[in-house]
Amino acid sequence: MILAKTGNEALAYAMKQVNPDVVAAYPITPSTEIVQIFSNYVHDGLVDTEFVAVESEHSAMSACIGAAASGCRTMTATASQGLALMHEMLFIAGGLRLPIVMAVASRSLSSPLNIHGDHSDSLASRDSGWMQFFCESVQEGYDTLFQAVKIAERTSLPAMVCVDGFILSHCLERVESFEDKKVRDWLGTWRPNWSLLDVARPILVGPATMQDYYFEFKRTQIEGMNRAMPVIEAVQEEFAREFGRGYGVIEEYRCEDAEAAVVLMGSACGTMREAVDTLRKQGKKVGMVKLRVFRPMAHEQFRRALARFKTVAVMDRMDTVSSWGGALYTEIGSALYHLPERPKLLSYVYGLGGKEFSPADAAGILEGALAGHKDELVTYVGVR
Amino acid sequence: MARLKDLCKNPELFSSGHRACAGCGEALAVRQVLLAAQQPVVGIMPTGCTEIFSSIYPHSAWQIPMIHTAFETAASTAAGVETAYRFLRKAGRMKEDVKFIAFGGDGGTYDIGFQALSGAVERRHKFLYVCTDNEGYMNTGIQRSSATPYGAHTTTSPAGKVVPGKRQHRKDIMEIMIAHEVAYAAQTTIAFWSDLVTKVGKALAADGPSFLNVLVPCPLGWGHAGDETVKLSRLAADTCFWPIYEWDSGRYVINHQPREKLPVEEFMKPQGRFRHLFTQEGGAEVVAELQRHVDAKWALLQKRRECFGAD
Ligand SMILES: Cc1ncc(C[n+]2csc(CCOP(=O)(O)OP(=O)(O)O)c2C)c(N)n1
């Protein structure tokens, strides 16, 4: 069925179709609507979910951890300060290997307070042991949420599905939706290997460890993330077979004969596509590499896709405030370092706090990549 | 009333061999609470002494399913576990009748975990929250909490040359929980094992969240010999420093009326954390202020019992 939905509506609708066992969530702009719409589904009897309207995001994630450890398919949604407040618990969800799925309407972090879209919140959680998917469109957010549930359960890793705050969360788009039954059959019922509620086989979840075991626990968690990429690829293929829409870990757009490329993720990929097309019309050989999966890191895909370029512009919708640009820039730099001959990387930071990012801005970055050099290490696009 | 004759037949759900200090009141409380649990229970605990002395991998003292997440999250994690239980029962994926018990230290309860506790209780998750109150953050080396009594020395309210220990009175968590209209709230201490076990039974039978505040002497933190734990627990009640009472269906019941109300000094003197008050100048005023506070709280409780009492 074709629907007109905003990002939040589409994500809430996808959650309804998943019909998770437990949702514990707290409102925050721009993801509030997800929680509101889902509450309506609960109170109108359209889902079987037990919904907990907790008193904070810290408690939301704690309750999700409790529910997931008890064998329930568990979901939540948040953004910005909420995600920051959850920070401590994100690591615990990851360390306990709980397949919680969270929709994130990515937003800036205070101070100054700003409710608009950027990747500061999501990328500040990048080392917490969660898989992270960044979506270009509302459709992609909708599709990715289903994939995330399956991938999380297969890898025993929690997953975030990030859509850019406001730019996608509040943007009305055409969405091709699936039938409830088809989604539910595809996902099946979640039956974990262990559950806290198995009273006949008591287990201890979340022990303390000393120097003798902590590292070993962490090493197995790291191995779980190491092995996640093939699972992501497999589930995306299964999804494409079942629902007819395929996504890669990265997407190479008009890269075949390109001389320079730009790498980015999220909604700005749509703007960049336009700019690539425009420059192509002018005979300029530029391409775009869109990143969909930030965790696990797509380092092999990057090496394969980017090795042949002389210059690659990397765009970050956040800054690490380290005098070294954004997270994507530093990570792609380290991925490419292992190549015998590597492209030159140019760092661009754009769109913080929802700052307009126009096709002209995008074209400017592509031109910069073609030129192959710029004076400053990090260019802050569109800052007055 | 619980009887030893019966209790000793119950399985020990908290194994010996854990790493608590000799004379640890907290370990006794956990053991007594679980002796009262006659049906399947699932435990939730925050970071703190109990977690550390019971659960260092690859060992566990718990014979019940137990989850630990973080320091301020006993109640919020319990909320998730209890919600999962309700879902699985509703979905027909679980048959057993299970009860939930969260064990939190006073730090994890009165302070950092207070918001989560307030929220979970307001949402009426059905679980028993047991605060094992040793009046300080013992796991991190004896820091003050909002449960630390007036005048007590801790490492962050030290008995200094100018300031003689903690400068504030303790928080009245019982009244705060009663104001949440919990299904049942009670206060007790480990010397009153029969009272404790009876209260756990009532709390688990209550239709909604329940709260049990258990005073647990801490030899290391309070500075007393390990074999004085039970004696101090009893003195706390007999000085009315720690009234033994309950709030059941809107009624206050005082479960232990000391035959003779002893001066609070009797409770304080054996403890290192109050020693400065008996050796340093100005200590007597601090003791007098603590006595005044104990008397006032005790009088208030009597009033409450008169107004909202059982008889
Ligand atoms: C967010 C956070 N802050 C601080 C700590 C350090 N910490 C661990 S246990 C503890 C004190 C525990 O005190 P209490 O809850 O009274 O329990 P007790 O150890 O006395 O039984 C502290 C401060 C922590 N684990 N997490």
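What follows draws every value from the coordinates through simple rules; no lab data is involved. Worth saying up front: this structure is predicted, and the values here are computed from it rather than measured. With ideal geometry, Cβ positions are generated from the backbone for all residues, glycine too; neighbour counts draw on all protein chains shown.
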Check: Ranked highest first by the average count of other Cβ atoms within 10 Å around their residues, in what order do A:319-329, A:276-286, A:261-271, B:234-244 fall?
Finding: A:261-271, B:234-244, A:319-329, A:276-286
Check: For the residue pair B:Gln63 and B:Glu181, what label-to-label distance in nm results when each label sits 7 Å from Cα along the Cα-to-beta-carbon direction?
Finding: 4.0 nm
Next item on the list: Go through B:Lys171/B:Lys269; B:Lys99/B:Lys202; A:Lys16/B:Lys95; B:Lys202/B:Lys303; A:Lys150/A:Lys181 and tell me which ones have a Cα-Cα distance over 19 Å in this structure.
Entry: B:Lys171/B:Lys269; A:Lys16/B:Lys95; B:Lys202/B:Lys303
Note to self: Just to be sure I follow the rule: in region A:250-381, considering lysines 8 or more places apart or on different chains, how many pairs have Cα atoms under 20 Å apart?
What the structure shows: 11
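Quick one: divide the alpha-carbon radius of gyration of region B:192-287 by 2.2 N^0.38 Å and tell me what you get. Numbers along the way, then the final one.
Numbers: Rg = 15.9 Å, N = 96, 2.2 N^0.38 = 12.5 Å.
Relative to the 2.2 N^0.38 Å estimate, region B:192-287 comes out at 1.27.
So what's the back-of-envelope 222 nm ellipticity for chain A, counting only DSSP H runs of four-plus at -39500 (n - 2.57) apiece and dividing by all residues, rounded to 500?
Details: 13 runs with 158 residues, N = 384.
So the calculated ellipticity at 222 nm is -13000 deg cm²/dmol.
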Next item on the list: Give the cross-link partners of B:Lys90 among the aspartates and glutamates, using a straight C-alpha distance below 20 Å as the criterion and excluding same-chain residues fewer than 8 apart.
Entry: A:Asp21, A:Asp44, A:Asp48, A:Glu50, A:Asp198, B:Glu82, B:Asp207
Notebook entry, point to check: Around A:Val349, with a cut-off of 12 angstrom between Cβ atoms, what is the net charge of the other residues, counting Lys and Arg +1 and Asp and Glu -1?
Noted result: -3
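At most 11 other C-beta atoms within 10 Å and a DSSP loop state: those are the exposed GluC sites (Glu not before Pro) I care about. Give me the longest piece of chain A that has none.
Values: sites that count: A:Glu179, A:Glu256, A:Glu341, A:Glu356, A:Glu376.
That would be A:1-178.
Within region B:1-62, list the trypsin sites (Lys or Arg not before Pro) lying in a DSSP loop whose Cβ has at most 13 other Cβ atoms in a 10 Å radius. Before the final figure, lay out each step's value.
On the way: sites: B:Arg3, B:Lys5, B:Lys9, B:Arg19, B:Arg31; in loops: B:Arg3, B:Lys9, B:Arg19.
Here the sparse-neighbourhood loop sites are B:Arg3, B:Lys9.
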Notebook entry, point to check: Going through region B:37-137, which GluC sites (Glu not before Pro) have at most 14 other Cβ atoms within 10 Å and a DSSP loop state?
Noted result: B:Glu96
Check: Could you state the per residue volume, in Å³, of the convex hull enclosing the Cα atoms of region B:4-308?
Finding: 126 Å³
Next item on the list: Please figure out what share of the DSSP beta bridges in region B:4-308 is antiparallel and state it in percent, rounded to the nearest 5.
Entry: 35 percent
Margin query: From the gyration tensor of the Cα coordinates in chain A, what semi-axes in whole Å does the equivalent ellipsoid have, largest first, with each one equal to sqrt(5λ)?
Written below: 34, 23, 20
Item checked: Sum of -39500 (n - 2.57) over DSSP H runs of 4+, divided by residues of chain B (222 nm, nearest 500) -> -10500 deg cm²/dmol
